[in-house]
Amino acid sequence: MIQAIAFYLFAGVMIASAVMVVSARNPVHSVLFLILAFFNAAALFVLLGAEFLAMILVVVYVGAVAVLFLFVVMMLDINFALLREGFMRYLPVGGAVGLVLLAELVFVGMAWIDAAGSAQLRAAPMHGGVDNTRALGRLIYTHYALVFQASGLVLLVAMIGAIVLTLRQRPGVKRQDIGRQLSRTRDTGVEIVKIKPRTGV
Amino acid sequence: MKTLALLAVFLPLAGFALAGLPIVAGRKGHGVDRWAQLATSICVGVAALASMSLFWSVGLGHQPTSFELFTWIDSGAFEASWAIKLDALSVVMLCVVTIVSTCVHVYSIGYMSHDPAIPRFMAYLSLFTFFMLMLVTADNFVQMFFGWEGVGLASYLLIGFWYDRESANAASIKAFVVNRVGDFGFALGIFGVFMMFGSVHFDTVFAAAPDHVGDQISFLWFEGHALTILCLLLFVGAMGKSAQLGLHTWLPDAMEGPTPVSALIHAATMVTAGVFMVARLSPMFELAPAALHSVCIVGALTAIFAASVGLVQNDIKRVIAYSTCSQLGYMFFAAGVSAYSAAIFHLMTHAFFKALLFLGSGSVIHALEGEQDMRRMGGLGPKIRITYWMMMIGSLALAGIGIPFVFGLAGFYSKDIILESAFAAHSGPGAFAFWLGIAAAGMTAFYSWRLLFMTFSGHARGDHHAHEHAHESPAVMLVPLYVLAVGAVFAGVLGYEYFVGHHREAFWGAAIKVLPEHDSVEHAHHVPVWVKVLPLVVSVAGIGMSYGLYIRNPAKPAELAARFAGLYRFLLNKWWFDELYDRIFVRPSFALGMGFWKKGDAAVIDGLGADGLAANTLVAARRMSALQTGYVYHYAFAMLIGVVAFATWYFVSR
Amino acid sequence: MNAPAFSFSAALPELFLSLSGLALLLFGALTGEKSYRRVAALALIALLVAAVLVLFGAGARSVEFGGLFVVDGFGAFMKALVLLGAALGIVLSLDYNRREELERFEFPVLIVFATVGMMLMISASDLISLYLGLELQSLALYVMAAFRRDSVKSTEAGLKYFVLGALSSGMLLYGASLIYGFTGSTNFAAIAGAVSGVVKSGAPVPLGVLFGVVFVLAALAFKVSAAPFHMWTPDVYEGAPTPVTAFFAVAPKVAATALLVRVLIEPFGAIAPQWQQVVWLVAVLSMIVGAFAAIWQTNVKRLMAYSSIGHVGYALVGLVAGGPGGVSAIALYMAIYLFMNIAAFSVILGMRVQGRAVERIGDLAGLSRTHPLVAAALAVAMFAMAGIPPLAGFFSKFYIFDAAVRGGHYVLAVVGVLTSVFGAFYYLRIVKLMYFDEATETLDRPFPASLGAVLAGATLFTFFFFLAPGPLVRAANAAAASLFPG
């Protein structure tokens, strides 16, 4: 009973804040509503017994991603009102398509059929005394090692991409090069010039 | 052996590529010309050496073999590969083709030296050689057809080599179209073979042929003996390529091409492909006696027809062209009486002396700066002595002169064995062919000597200036003549025993199949003496008559022509074949074509179909490009609509 | 819970290539900006070595890494094509990048990582490995599309591709979760078992599964740029640097097609009649868009984009035809498509007027007079793409339509032939331009040697394929057979 109430509470707040993300006039408010939505999603994960995912969501999405969004939004000063100009124009068609899809998905959800035996496949057996985080760790590093490595590569490529697209070597910027600094000797740094008197340099 | 065969067949292709590359790259100049000449000649020359070596090991060493290069088509039951089949028949052809081709390549260096498109010419020659070699080494019908069409293409390109001449273009188109008629028959024949035997592989078909002797098939509206119909269809192809009566009209016109081309393609090699095909398919033809009779009769008629037309022609190359046509008739009627070996023997000797005659006449034309009309020649003997002697050797070989039982020139052996075989066949068509052949032999001797006398004896009748400056050809043109002359003199006596004499069974092996009751070549060795001597007598008589008419009494020919004006015009106009065809086929098809074009195509199809459709297409295309707005959200929206549409489809259709 | 025994040798090519990518990255980072040429050469070698490893490792079908990764003949065939395409992509980029000052070592490194992603896609036998392979590939491609970061067009292309790609990834994940909800597993074999169980029991196929398939299909159709999910293609092809476009048109296309084939046939083979309806529509739309929308294009890269959309349509016809015959036709089609496209792009990359790259179709006018060999090669490529015998493109189309007719899909075959005719219009227009029109500005001479060599190779293949179609057809047949065990 309490679980059900909690579920509907979190779910309701989440959907409401998701709507606000899209419809809020102030972009900073949008991001803040996004953070609220993340928190509610984390709470739903807790309800499902997936405490690890809940924590990850809070740490990564709220702590890093959403805050980053906030900075970007505040720094770039984009006129979101202008971006939303066509919103009303496309709303009828877009809304109709969305409604059709929604109706169909609702129908599909109501008439959901599982394949025979899928319940056994789906039910993750919880070993006694093994908590969620530990179980995930075991799976990721054993059974799913291949895709774990692959996701590492994905992140690496993302990093390369960010560097490729943004890093610039600007001429004229003075940088510190420790290697060069240390390898300097007296000979390369000092030039002794003998100047005869009264001739100037 | 495999390496040798690959060298022999593919070196000419390499030569073609080497000579063709600069053209494609757009290079010109003396260096390119020289490069093309050297590259092609050396490639073909080495191929000739390889062929002779193959002749030694396969032909004389009796080691027929065949190997597959790789699969070409493999579609269901239909299978064809690129393969090289080496047996006595194909190595003989390999030698003939490559040797004559080498001579012609070398000759062309001199003959075409002032032409602006030397690399193109040399490349075409090599390409032709390659296709011809593919044809003769084929081990299945499809590869043979590939070579067959390839030589047709090369012939078309070479006849129309001087494409700025209208007559050359017309001749090349004529050759192509007439050949297409024959090829249609050939293709139908191949389809029929595949339908009946389920294979296009020679060995498979030949092995299965005896089991199908009794088969009947219905073709068009009548039913008939299956093998006979197939053989006749295939023979139609041979008739087209070898210019047999009915489909011969392209060959004389093909003389519009440069003379080396006439020598190589329209005398020595391509036109003999039909004969080669009949010999190659002997296991099928042997089982279809009715088809053989047709071959025999068509061959005999061609021999006499072409010889009679040759009597009165005035263009030096056309005389030789009709002579070629006539000699091809000999080969066919030899094949028609099952004397395939004699036909191939004549094919081989004929290649030498006819190429010699053509190249010799080319040398004459070269000397007179392009003059081809014999009425404007005369008295050239002392001026171009070597050419004169070469032409003399060629004519003697063509006329089949020799001393019985001692020695003779090439034609003496090969033509006589054909006539003897025809006689020895003791059949109606055989006798028919024999007597027509004897008559044609007389005519052959007559027109050969007429050609010699009109060109080289008497006094100059043509342009005085040109005659004054007549000069002997350079060595690069004379050496090929010597080589061919050696062949024209000795090919007969050297080849006789192997091709048609005592060693013939060992030599041919399985390449040619003759039923025991058809073995006319064997019987030919036991004919009465008068049969053996008669051709020679007739030939000598022909020479004598020619001497009487053109040396002793030069006014006589014109007088005769006037007295028998009807006959003369009949012969001069080639039995009115061209006019007949023009009236029956060409003009009605033109009229039909014009009608279709103006009314059917322009009005109906273009109006409603192509042009209307094209306009609508452009409109549709413009609308479709207009969808591409460049806005990401439009694109995203399109994707979503797509997903929703598909999902809805399942939602509704279930 | 015991760790499953991993057979690393099964993924040897992938492991080798990933490690090579890491090593190249280090090498490039340590030696600095000047190292582009060396990194490119090493990447080329790595790709070729990986191709050799793929071909030598090709053998019986085996599922490795706890059901995440499958090795079979189909995968080997497609991976070999992808590796070849990637290697040629690097070769083609050399000259262009030098002239356009795009010589940064990250370029070949990104190609290597994208290729790893493609190989992972091809070998995926689980929705999770499928998704990760796809993302690895896509992320590298997004970056590559925007590689010329100072050009507005290029960055726009990258951004568009990224946003729409993210949308398609979302669809993929949504579809995958629907499928997981139905079967309780992400593993292809388990999904196949569940799906065929339902079909065998005679019950109607649950709508949830079909929805899942539609979403997955839409996402993959986006990746192969099939209509109506193709809209990004012309913009991205036009905006991306030309070597990147060349790479896009070849390797990812082959990989995504392979993935689409595997996903539809392995887990969902039992409901083929259902998904074939959608694929039918996608194929028809793609063929039509490819044939018609290209006609008004003036930019040669946009033209190639529409051409690729059309080609994907033809390949999908093979999927509708189904069975080993259809799949073998697809494999053959992609192989020949690769060569034709490489030939076309090696000409496009060489199009320069007075040192600057041009990409209008009109710039090809009069090419036959200034560059006769190049014009002839491009003409061969165009004739081949139009499907004119006896060039290779004719055979690829022939096998596709043959499979369609055998499967009884006459409408599809007729649409295919008709759109080929309309499509021939714009291919032949290029030939006409090159041979019959006068040039206003002639393209520079000489044509770069590296492009010329690739062009010559690809053209010779396209031209002489008809002499010996046997080996490739047999390989394609064997590849297709491995998708249909038993």
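Summary of values
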read-out: Considering residues of the range C:205-218 that are at the interface with chain A (Cβ under 9 Å from one of its Cβ atoms) and farther than 17 Å from A:Ala103 by Cβ only, the residue surrounded by the fewest Cβ atoms within 10 Å (Cβ to Cβ); value: C:Pro206
read-out: Near pairs, Cβ below 8 angstrom, 6+ apart or cross-chain, from the range C:60-74 (away from chain A (no Cβ under 14 Å)) to any residue that is assigned to a strand (DSSP E or B) and at pLDDT 90 or above; value: C:Arg61/C:Val70; C:Arg61/C:Val71; C:Ser62/C:Val70; C:Ser62/C:Val71
read-out: Selection within the range B:117-169 - more than 25 Å from B:Glu79 (Cβ to Cβ) and aromatic (Phe, Trp, Tyr); value: B:Phe121, B:Tyr124, B:Phe128, B:Tyr156, B:Phe161, B:Trp162, B:Tyr163
read-out: Filtered residues of the range B:522-536 (kept if outside any helix (DSSP H, G or I) and β-branched (Val, Ile, Thr)); value: B:Val527
read-out: Of all residues making up the range B:503-536, the number that are acidic (Asp, Glu), surrounded by fewer than 16 Cβ atoms within 10 Å (Cβ to Cβ) and touching a residue at least 24 places away in the same chain (Cβ under 8 Å); value: 0
read-out: Every residue from the range C:173-189 that is facing chain A (nearest Cβ under 10 Å), touching a Leu at 6+ places or on another chain (Cβ under 6 Å) and of a type in the set (Gly, Ala, Ser); value: C:Gly184, C:Ser185
read-out: Candidates C:Leu141, C:Leu110, C:Leu120 - the one that is closer than 25 Å to A:Ile140 by Cβ, within 11 Å of chain A (Cβ to nearest Cβ) and surrounded by 23 or more Cβ atoms within 10 Å (Cβ to Cβ); value: C:Leu120
read-out: The lone exception for C:Leu84 - which of (1) surrounded by 20 or more Cβ atoms within 10 Å (Cβ to Cβ); (2) within 14 Å of chain A (Cβ to nearest Cβ); (3) in a helix (DSSP H, G or I) it fails; value: (2)
read-out: Matching residues in the range B:537-557 - criterion: being exposed (fewer than 15 other Cβ atoms within 10 Å of the Cβ) and not in a helix (DSSP H, G or I); value: B:Asn553, B:Ala555
read-out: Test set (1) facing chain A (nearest Cβ under 9 Å); (2) closer than 20 Å to C:Pro273 by Cβ; (3) surrounded by 24 or more Cβ atoms within 10 Å (Cβ to Cβ) - C:Ser129 fails condition number; value: (2)
read-out: Wholly enclosed helices (runs of 4 or more DSSP H) of the range A:15-115 bearing at least 3 residues touching a helix residue (DSSP H, G or I) at 6+ places or on another chain (Cβ under 9 Å) and of a type outside the set (Lys, Arg); value: A:27-48, A:51-56, A:67-76, A:87-110
read-out: Scope the range C:429-475; condition within 13 Å of another protein chain (Cβ to nearest Cβ) and either more than 20 Å from C:Pro389 (Cα to Cα) or hydroxyl-bearing (Ser, Thr, Tyr) (or both); matching residues; value: C:Arg445, C:Pro446, C:Phe447, C:Gly452, C:Thr459, C:Arg474
read-out: Considering residues of the range C:30-47 that are surrounded by fewer than 15 Cβ atoms within 10 Å (Cβ to Cβ) and assigned to a helix (DSSP H, G or I) only, the residue nearest to the other protein chains (Cβ to nearest Cβ); value: C:Glu33
read-out: Qualifying position, being closer than 25 Å to C:Thr115 by Cα, free of Cβ contacts under 8 Å to residues at least 24 places away in the same chain and surrounded by 11 or more Cβ atoms within 10 Å (Cβ to Cβ), among A:Leu165, A:Leu139, A:Leu105, A:Leu101; value: A:Leu165
read-out: Test: residue in the range C:244-261 that is surrounded by fewer than 24 Cβ atoms within 10 Å (Cβ to Cβ) and either of a type in the set (S, T, N, Q) or within 14 Å of chain A (Cβ to nearest Cβ) (or both); value: no
read-out: Output for the range B:404-426, where each listed residue is assigned to a helix (DSSP H, G or I) and of a type in the set (Gly, Ala, Ser); value: B:Ala410, B:Gly411, B:Ser414, B:Ser421, B:Ala422, B:Ala424
read-out: Selected residue [surrounded by fewer than 23 Cβ atoms within 10 Å (Cβ to Cβ), over 22 Å from the mean Cα position of the chain (by Cα) and assigned to a helix (DSSP H, G or I)] from B:Ala14, B:Ala5; value: B:Ala14
read-out: Residue in the range C:288-297 that is polar (S, T, N, Q), in a loop (DSSP other than H, G, I, E, B) and under 15 Å from C:Tyr427 (Cβ atoms) present; value: yes
read-out: Selected residue (criterion: surrounded by the most Cβ atoms within 10 Å (Cβ to Cβ)) from residues of the range C:195-204 that are at the interface with chain A (Cβ under 9 Å from one of its Cβ atoms) and among the small types (Gly, Ala, Ser); value: C:Gly197
read-out: Unique match (being away from chain C (no Cβ under 14 Å) and within 20 Å of B:Tyr124 (Cβ to Cβ)) among B:Val91, B:Val44; value: B:Val44
read-out: Filter result (assigned to a loop (DSSP other than H, G, I, E, B) and without any contact (Cβ under 8 Å) to a residue 60 or more places away in the chain) within the range B:357-398; value: B:Gly370, B:Gln372, B:Pro382
read-out: Test result for A:Thr142, modelled with pLDDT of 80 or more and within 13 Å of another protein chain (Cβ to nearest Cβ); value: yes
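Yes/no per residue for (1) without any contact (Cβ under 8 Å) to a residue 40 or more places away in the chain; (2) over 23 Å from B:Gln313 (Cα atoms); (3) over 24 Å from the mean Cα position of the chain (by Cα); (4) surrounded by fewer than 22 Cβ atoms within 10 Å (Cβ to Cβ):
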position: B:Gly400; (1), (2), (3), (4): no, no, no, no
position: B:Gly408; (1), (2), (3), (4): no, yes, yes, no
position: B:Ala424; (1), (2), (3), (4): no, yes, yes, no
position: B:Trp435; (1), (2), (3), (4): yes, yes, yes, yes
position: B:Phe446; (1), (2), (3), (4): no, no, yes, no
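The values are calculated or read from the model by the stated rules, or taken from the named source; none is laboratory data. Only a predicted model underlies this, so the values are computations on that prediction, with no experimental measurement involved. All Cβ positions, glycine included, derive from the backbone under ideal geometry; neighbour counts span all protein chains shown.
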